[in-house]
Amino acid sequence: MLSKSFEQYGFKDFVNKAIIDLGFKNPTKIQERVFSPVLKEKNIVARSQTGSGKSHSFLLPIFSKLDLDRKKTQGIILAPTRELSRQLYEMAVHIATFSEKEIKITLCIGGQDLNRDIERVSNAPHIIIGTPTRVLELDRANALSIKEVETLVIDECDMMIDLGFMEDIDKLSKRAATNCQFLVFSATIPTQMSYFLKKYLNNAQHIDVDNAKFGKIDYILIPEKSSTRLEKLYEITTVLNPYLALIFANKKTEVEEISNYLIKQGLNVGVLHGDLTPRERKQMQRRINNLDFTYVVASDLMSRGIDIEGISHVINFNIPNDLDFFIHRAGRTGRAGLSGECITIYNSKDEEKLQILENRGIKFNHVDIKNGQFIEVKDRNKRQSRKKIVADHNLTEKLKSKVKVSKKVKPGYKKKYKYKMDKLKQKERRKFAKRMNRTNRGN
């Protein structure tokens, strides 16, 4: 039975049936804020992390708006990778199965025959889902007319920028009708997006769902200390019992190094990085979905290109230089109302990054590993703000009054005076050292 929270949007019957079959009880935060503007033909720029229910926030109202009696392409959905395009296609096909009238949906991505795509698109599917370059190729081949499209979705826009697709998207957007509805979704809004948004979405409604506070994610910091990062990472794996853990590294070479090391330790590990062929990526996606691995080591761009369900833990082998990626990483867990943990290995060189993340609203729990379990340790900020006791090395002036000086200068006076002063200085320094030891033990 459809819940009242979904009834208010007035979706078509077949869309409501799909919602019931999906098991949705209530709209997510992003869905609550996106459904109505999409149905009202408004342009939107929505910021929300992967796993927040973003895909269905635009798919459900787009399907509800379709005029199935008109043989023309009414919506185009662009995704940055083939894998994400396939996943959106599968979601769309699922919704379409509940319609009594046929809904034509075409997947257009690189790596498949262009002429075959031209033939499919020439039959005017209601919705086209694909990558920007392939869709642009189809438009140039006059297989489709962008000017007739009523809704253009740009999903994972920040990733489009990272992968260099904005030029193709700009060309497609130029060809769109002036009244075309633009729906832009992104986990972050980088400055490079500003020009595009001003050019095509000046009157857009901006929707912002706070990524840092989304989901039930515990942010955990573990100090590297005297261990190497690899040793500390393996130590973490001996404590965890994850459903599926995603380990992030900044470089592809690190991804290989980590995976090889953990495999040697006897762990079941998958790998996602930029050198995988499309076929290898597809196979890896299948194996991950089949839960063949307990740990998957990934680079940032590759992990965003594949949507992985059921991640219970995210482990940062290191902190990314672009801190937006930290938010992307953490957002892989704590999804669909479930709890998750984001564990980060750090050292003193990471302090500036950690402070910036804390200023963004992330609250870290400080732990370490002892006797095979996590134990709480003192907040690193408290340790840093500890009142420093500095030795008074200019003790001569301070101690002058304690050394008796004879009014009559006798032979060896300077030598005796220096000896007494040195003894007092030594005594004061010992007192200072004891104070320092007591302070350190107290902290």
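The values are calculated or read from the model by the stated rules, or taken from the named source; none is laboratory data. None of the values given here were measured: they were computed from a predicted structure. Don't worry about glycine lacking a Cβ; one is built from the backbone with ideal geometry, like all the others, and counts go over all protein chains shown. With ligands, DNA and RNA removed, areas are computed over all heavy atoms of the protein, side chains included. Shrake-Rupley method; radii C 1.70, N 1.55, O 1.52, S 1.80 Å.
Points 7 angstrom from Cα along the Cβ direction at GLN283 and GLN192: gap in nanometres?
Result for the modelled spin labels: 3.1 nm.
Which aspartates and glutamates have a Cα lying under 16 Å from the Cα of LYS370, excluding residues fewer than 8 positions away in the same chain?
GLU224, GLU231, GLU235
Using modelled amide H (1.01 Å from N, peptide plane; none on Pro or chain starts), what sits under 5 Å from the amide H of ASN316, excluding residues fewer than 5 places away?
Sorted by chain and number, the residues that satisfy this are PHE248, ILE343, THR344, ILE345.
Quick one: what are the phi-derived ³J(HN,Hα) couplings along the stretch 163-180, Karplus 6.51/-1.76/1.60 with θ = phi - 60°, whole Hz, x for glycine and proline?
Going residue by residue, I get 8, x, 9, 5, 5, 5, 5, 4, 5, 5, 5, 4, 7, 6, 5, 5, 9, 5 Hz, with x marking Gly and Pro.
On a full-extension model of 0.36 nm per residue, what is the gain between GLN355 and ASN123, subtracting their alpha-carbon distance, rounded to one decimal in nm? Display every interim value, and only then the final one.
Details: separation 232, 0.36 × 232 = 83.52 nm, distance 5.48 nm.
Result for the pair: 78.0 nm of gain on full extension.
Which ³J(HN,Hα) values, rounded to whole Hz and listed in residue order, are derived for the stretch 256-269 from phi using the Karplus coefficients 6.51, -1.76 and 1.60 in 6.51 cos²θ - 1.76 cosθ + 1.60 with θ = phi - 60°, glycine and proline given as x?
5, 4, 5, 4, 4, 5, 5, 5, 5, 7, x, 8, 8, 10
At 1.4 Å probe size, with no ligands or nucleic acids counted, give the accessible surface of ASP322 in Å², nearest ten.
Rounded to the nearest 10, the figure is 70 Å².
With +1 on each Lys and Arg Cβ and -1 on each Asp and Glu Cβ, how big is the dipole of the stretch 15-63 about its Cα centre, in debye rounded to the nearest 20? Please report the intermediate quantities before stating the final value.
Details: 8 positive and 3 negative charges, 31 e Å.
For this selection, approximately 160 debye.
Using alpha carbons only, how many angstrom separate the centre of the stretch 155-221 from the centre of the stretch 99-154?
Each part reduced to its Cα centre gives a spacing of 21 Å.
Run the reach check for LYS174 against aspartates and glutamates, Cα to Cα strictly under 17 Å, same-chain hits fewer than 8 apart removed. What comes back?
Within reach: GLU137, ASP139, GLU148, GLU150.
Pull up the cross-link candidates among the aspartates and glutamates for LYS199, meaning alpha carbon to alpha carbon under 16 Å and not fewer than 8 places away within one chain.
Partners within reach: GLU167, ASP168, ASP170.
How would LYS264, LYS40 rank on accessible area, largest to smallest, probe 1.4 Å?
Details: LYS264 175, LYS40 140 Å².
In descending accessible area the options line up as LYS264, LYS40.
Can you compute the modelled spin-label distance between ASP208 and ASN347, with each label point 7 Å from Cα toward Cβ, in nm?
3.6 nm
Distance check, please: which entries in LYS25/LYS54; LYS65/LYS101; LYS225/LYS264; LYS4/LYS363; LYS171/LYS198; LYS42/LYS363 exceed 26 angstrom between their Cα atoms? Working shown, then result.
Details: LYS25/LYS54 16 Å; LYS65/LYS101 14 Å; LYS225/LYS264 23 Å; LYS4/LYS363 35 Å; LYS171/LYS198 15 Å; LYS42/LYS363 36 Å.
Too far apart for the 26 Å limit: LYS4/LYS363; LYS42/LYS363.
Could you order peptides 197-206, 325-334 by the average number of other Cβ atoms within 10 Å of their residues, highest first?
Put in order of decreasing packing, that is 325-334, 197-206.
Out of the DSSP beta bridges found with both residues in the stretch 4-208, what percent are antiparallel (nearest 5)?
Values: 0 of 24 bridges.
Around 0 percent of the beta bridges assigned by DSSP in the stretch 4-208 are antiparallel ones.
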